Amino acid sequence: MLLGLDIGGTKIEGVIVSPSTNNVVHRLRKPTVKNTYQGFFTSVRLVIDELLSRESIQSIGVGSPGSINRQTGLMQGANIVCLNGEDFLSDLKAAYPHVPIALTNDANCLAISEYETGAAKQASNSCLAVILGTGCGGGVIINGSIVDGQHGLGGEIGHNPLPYFSEHDDGASTQCYCGAWNCNELFLSGTGFERTWALKHSPLSAPDIFAKAHLGEQSCIQHIEHYCDQLARALGTIVNIIDPEVILLGGGMSNQDVLYPIIQAKLAPYTFGGKASTPIVKAMHGDSSGVLGAAYLPVMHGLTKLRRN
Ligand SMILES: [Zn+2]
């Protein structure tokens, strides 16, 4: 049995997955304590301990905000601020010395869950997963392994600049919270989709823009077309580097089925030679991708072997 943990800003979700069926056999949610690292760590242990009391498990995988700096081993860039600067993975290993443990971020967990058991299951060795939610993140699998990278930056598509940026994308350059300008996230996240709409119209929520487009409202249709063009530009630059077998979309924006044929048609012209036909598909696991990807992470890292029936 595989134990997977998805640590979010408000809750910690833990599951036990049976690798023979890919089914979740236990699921547990507890609130995330964020005021001190000690309190946070205790809240993580509560979830793990309760799941350990229910099943015998072979590994623990953790999906966490932020990433591990390879040079220092310490957490960085987490929106649960008390986690930054802490050696979270070593502390977990010390608490559970007899179980293999691995940790990565939520976008990587999306890629892993879909590659192992979801919409990218048919891929033989590569995929790109992109989360289009409140923010924009990504995960890359090459040769069957997740690419964390030297600085934990593998797949951070959200903080590349939007390719071919022009005044049609934004009236002026906009600075991202990360310090850079015109990051993809400012345009491609659900928040970005609403932000760029509000530059030219009265504010609307993303679901309202899609609903009005469905009723034939031209300005909404044009906004969606423009968004798809921006996303195709961002994806095209990645295809030119890693040329994955499949591109998966997750997060709130990925639930809008109308996007897929438009993005698919726009992708090829933004790739070298203009002919790339990489399938762009919706992630299958929805909100469960975090815990499932985390559960399969130690398998992908070779820390544990699957005992499939
Ligand atoms: Zn940024």
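For a Förster distance of 41 Å, can you work out the FRET efficiency between the beta-carbons of Thr134 and Ser53, rounded to the nearest 0.05?
Computed FRET efficiency for Thr134 and Ser53 comes out at 0.75.
Under DSSP H, which helices of the chain have Cα atoms covering 18 Å or more of the helix axis and a Kyte-Doolittle average no less than 0.5?
In the chain, the long hydrophobic H runs are 37-52.
Using a 7 Å offset from the Cα along the Cα-to-Cβ direction at both Ala276 and Glu217, what is the distance between the two label points in nm, to one decimal?
About 3.3 nm separates the two model spin labels.
Quick one: dipole size for region 174-296, taken about the Cα centre, charges +1 on Lys/Arg Cβ and -1 on Asp/Glu Cβ, in debye to the nearest 20.
Using Cβ point charges on Lys, Arg, Asp and Glu, region 174-296 gives about 200 debye.
Report the residue, chosen from Ile131, Ile209, Ile146, that carries the largest GNM mean-square fluctuation when the chain is represented by alpha-carbon nodes joined by springs under 10 Å.
Ile209
At a 10 angstrom cut-off on C-beta neighbours, averaged per residue, how do the peptides 167-179, 95-107 rank from highest to lowest?
The packing order, highest mean first, is 95-107, 167-179.
With only Lys, Arg, Asp and Glu charged, each at its Cβ (+1 for the first two, -1 for the last two), find how big the charge dipole of region 1-158 is about the Cα centre; round to the nearest 20 debye.
Dipole size: approximately 220 debye.
Can you send over the carbon and sulfur percentage of the accessible area for region 121-283, probe radius 1.4 Å, protein chains only?
56 percent
For Ile12, Ile142, what's the largest-to-smallest order of accessible area, 1.4 Å probe?
Working: Ile12 0, Ile142 65 Å².
From most accessible down to least: Ile142, Ile12.
Could you list which residues have their amide H under 5 Å from that of Ala119, counting only those 5 or more apart in sequence or on another chain, with H placed in the peptide plane?
Hits under the 5 Å cutoff: Met284, His285.
Determine the per residue accessible area of the chain with all protein chains present and a 1.4 angstrom probe, expressed in square angstrom. Write out the running numbers ahead of the final one.
Values: 13730 Å² over 309 residues.
That works out to 44 Å² for each residue.
Add -39500 (n - 2.57) for each DSSP H run of 4 or more in the chain, then divide by its residues: what number comes out at 222 nm, to the nearest 500 deg cm²/dmol?
-10500 deg cm²/dmol
How do Ser64, Ser202 rank by accessible surface area computed with a 1.4 Å probe, from largest to smallest?
Ser202, Ser64
Quick check: pseudo-label points 7 Å beyond the Cα along Cα→Cβ at Asp87 and Thr21, how many nm apart are they?
Between Asp87 and Thr21, the simple spin-label model gives 4.1 nm.
Treating only the Cβ atoms of Lys and Arg (+1) and Asp and Glu (-1) as charged, compute the dipole magnitude of the chain about its Cα centre; round to the nearest 20 debye.
In total the dipole reaches around 660 debye.
For the chain, set up a Gaussian network in which alpha carbons nearer than 10 Å are linked by springs, and say which option among Gly66, Gly149, Gly216 fluctuates the most.
In the Gaussian network model the winner is Gly216.
Taking all protein chains together and a probe of 1.4 Å, list His151, His285 from the most accessible to the least accessible.
From most exposed to least exposed: His151, His285.
May I ask what percent, to the nearest 5, of DSSP beta bridges between residues of the chain are antiparallel?
Roughly 60 percent of the DSSP beta bridges within the chain come out antiparallel.
Can you pull the accessible area of His223 for me, 1.4 Å probe, Å² to the nearest 10?
Roll a 1.4 Å probe over it and His223 shows about 20 Å².
For Tyr177 and His98 in the same chain, what is the full-extension length gain: residue separation times 0.36 nm, less their Cα-Cα distance, in nm?
24.4 nm
The values are calculated or read from the model by the stated rules, or taken from the named source; none is laboratory data. Source: prediction; values computed, not measured. Note: ideal-geometry Cβ built from the backbone for every residue, glycine included; neighbour counts use all protein chains shown. Keep in mind that these areas ignore ligands, DNA and RNA; they rest on the heavy atoms of the full protein, side chains included. Shrake-Rupley method; radii C 1.70, N 1.55, O 1.52, S 1.80 Å.
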